[in-house]
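Read the structure below first, then the notes.
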Amino acid sequence: MRTSLLALAATLAAPSAFAAEASRSIIVTGQRDAPPLDRVSDTGSRLGLTVLETPATVETLTQADLQFRGLRTAREAFADVPGAISGNVPGNPAAVMMRGFSGNTVSILQDGVRISTSTVVQRDTNVWHFDRIEVIKGPASVLFGEGALGGVINKVTRKPQFDGNHMDGLLSFGSFDTLTAAGGVNYQLSDRVALRADASIMRSDSLYDVDDNRTRSSGLTASLLLRPTADLSVLIAVDHYDDLYDGSYQGAPLIPAAFARDASRAVRSGNGLVLDRALRNRNYNPAGAYSGANDTTLRSRIDWKIGGGWSLGTDLTWYTADRAFVLSDTQSFAAPTAAFPNGRFLRTLQRFYHDHRFWNVRSALSHDGQVGSMRNRFSVGAEYNHTDFASLRQSAPNSAVAPVDPYVPTVGTFPTADRVYTTGNINFDSRLKTTSVFAEDALNLTPRWLLVAGARYDAIALDRAVTNFNVTPNSVQRASPRYHPFSWRAGATYALTPGLTLYAQYTTAAVPVSSMLLQSIVNTAFRLTKGRSYEAGFKFTTLGQRLTLTGAAYRIAQKDILTRNPIDPSLTVQGGRQSSRGVELTLDATPTDALSLGGSIGYTDARYDELIEAGNIDRSGNRPINTPKATANSHVAYRLPAVPVTLSAFARHVSGFFTDTANSIRVRGRTTFDAAIAWQVTPQASLTLRGRNLTDAFYGEYSGYPTTNIYVGAPRSVELALATHF
């Protein structure tokens, strides 16, 4: 596979048989291919509604947007979504916080299918393979089942087009010896058959400039589109991704200020812990630690226009994945000794392995017709999926590996003998079956006034066996919980003027108390938590759709989260509550053909309305972890009038956030700046020089586990990229 990827990358700058058919320039100036509000969103509805017709906040990052903004991986793309931040927690790459919720409350889809919670399946994939990334904010369980409370991110893979033969490519090299090569071919065999194939590789010493953190990832996606008749289309596709991260970077551990060599202001804590710049590049994982995964998806989409406004769509998906997380997940600082005059880190070790199999079938019958004189679109369907999941989780005490000096670390070697893992040696075996029925309807009461409603019922059957290998004989615990969530939404849009549409909606969601496939036997006894949201906003366009402005105000509430019994704090019960409310504003403008600009700002007031932790400690009123109050980004691009050169600049701001529910450790906010110069070398090739984090800001990007580890954002870097289109 590597040989084929390198061979494809080598063709990027070469003349091609497709050159005769090239008819467009590939330079990206930030101008969108189509008015954003007129696009049909597959994620916001199954009724073929445009973004303007959907009573929710729907945003799209196209492939052109991703390249223009220099977004290379899923984490970088998710972090660019207005109102969201993202981080690379080793056990959960590209973790997302959106509208005050994160983890298993934000669903990430693969071509419209939710394989499992994002904390299990998401990887930091190369975005080259995506035609677009669609985002719907707020609860969406009515469309995609349990888990979609904070929002949904749908990664839509590139597919064949009946627009002739063409080839695209990207070759880039930059700081930290980061090399990316990607290419794609669209080949139209006839008026009825087309295919597309894309491949990518990425190699880096470390995307974060961290010691012993070599990164390798690759992807191969291919699909065949058949149109035997004008009313029938069949898509058959295969996607394969794999990645491997040496050292499995855990972030920089906080240390007491008294022992820091270059204490920064990036973190403020109540117990005197600081983020030391001198530890910026350190990685304390023993040699042999790694995080890696490979997954393959086979999928098919069949669309049949039956006639008379009726259509039938069917999705078939089969997915398999193997993942490994071999790492030191905790580094605890201990005071200096004679052997360690600089202090020392005590390290615990973990080995997690996933064996994941999943298949899904979904079919929906739709109709676009009239109810009296009113246009009515409705869809009704059913879905069934089956998951087999096994996860071996092993842990060792900090005595299993020698302490390490914070500043001159001798990391040692990761132990491989099973006898070392005595703290925990447990296997989770899960079989999950979900049967769902759903319906949607969109009724035009008038040409300006559209009512949208939907409902979904899920029957979820989980069979769980947890085997503890640390006891003799091995103990096995079993549970077979059943869940029956019902979700619904109701909303409306109203075109106040031809350019201004108002909307409002109410939605509900259901979320497990923890990841469905990894929850403990104790947690299987709890019912699903319930969520609801109110949202209202506007969508405005003017100047011949050269200027688009959207805004939203929302409130999301979740109840029945886990808390402690106030009478007996030793007992975990349901009854906790969490909520968020906020506003968002997004602008896209193309004042002239040469100038484009845009930006967004989001404010989120998130809190635990009711939460009691061990020791009867009340966290009510505190903010959830990794949840900044404000996020903002902006960009501007200008194409010089006399030369084929485009200048662009980008700014992003994220306010401070906490790493713990006690709100005792606060990561300060940051503002970063990027810039790029793109030169259209020929009509088929452009060269872009890009600088990231130009001020070399030192900041905390995200926190993971434990709460005293902070992922430090990448320092200033540069990149030179060649993009081609033949």
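The values are calculated or read from the model by the stated rules, or taken from the named source; none is laboratory data. Being a predicted model, the structure only gives us computed values, none of them experimental. Positions of Cβ are generated from backbone atoms using ideal geometry, with glycine treated the same way; all protein chains shown enter the neighbour counts.
Here is how the numbers come out for the structure above:
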| item | result |
| --- | --- |
| Flag for Gly621 being in a loop (DSSP other than H, G, I, E, B) and either at pLDDT 95 or above or under 15 Å from Gly100 (Cα atoms) (or both) | yes |
| Residues located in segment 544-556, provided they are touching a residue at least 40 places away in the same chain (Cβ under 8 Å) and either under 24 Å from the mean Cα position of the chain (by Cα) or not in a strand (DSSP E or B) (or both) | Gln545, Arg546, Thr550, Ala552, Tyr554, Ile556 |
| Residue identified as buried (at least 16 other Cβ atoms within 10 Å of the Cβ) and at pLDDT below 95 among Val466, Val471 | Val466 |
| Pairs, first in contact (Cβ under 8 Å) with a residue 40 or more places away in the chain in segment 613-625, second hydrophobic (A, V, I, L, M, F, W, C), C-beta under 6 Å, six or more apart | Arg619/Leu611; Arg623/Ala606; Arg623/Phe658; Pro624/Ala606; Ile625/Phe658 |
| Some residue of segment 407-423 being at pLDDT 95 or above and in contact with a Gly (Cβ under 7 Å, 6 or more places away or on another chain) | no |
| Asn342 over 26 Å from the mean Cα position of the chain (by Cα), in contact (Cβ under 8 Å) with a residue 24 or more places away in the chain and not in a strand (DSSP E or B) | yes |
| Selected residue (criterion: modelled with the lowest pLDDT) from residues of segment 661-675 that are farther than 21 Å from Ala263 by Cα and under 25 Å from the mean Cα position of the chain (by Cα) | Thr661 |
| Restricting segment 209-256 to residues that are in a strand (DSSP E or B) and among the polar types (S, T, N, Q), the residue that is surrounded by the fewest Cβ atoms within 10 Å (Cβ to Cβ) | Thr229 |
| Inter-residue pairs, beta-carbon under 7 Å, first farther than 15 Å from Ala721 by Cα and in segment 175-187, second of a type in the set (Asp, Glu) and buried (at least 20 other Cβ atoms within 10 Å of the Cβ), 6+ apart | Gly184/Asp168; Gly184/Asp198 |
| Residue selected from segment 381-418 under the condition buried (at least 17 other Cβ atoms within 10 Å of the Cβ) and among the aromatic types (Phe, Trp, Tyr), by the criterion farthest from Ala287 (Cα to Cα) | Phe389 |
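Residue-wise test of (1) buried (at least 20 other Cβ atoms within 10 Å of the Cβ); (2) under 30 Å from Ala697 (Cβ atoms); (3) of a type in the set (Lys, Arg).
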residue: Ala266; (1), (2), (3): yes, yes, no
residue: Val274; (1), (2), (3): yes, yes, no
residue: Ala293; (1), (2), (3): yes, no, no
residue: Lys305; (1), (2), (3): no, no, yes
residue: Leu316; (1), (2), (3): no, no, no
residue: Asn360; (1), (2), (3): no, no, no
residue: Gly369; (1), (2), (3): no, no, no
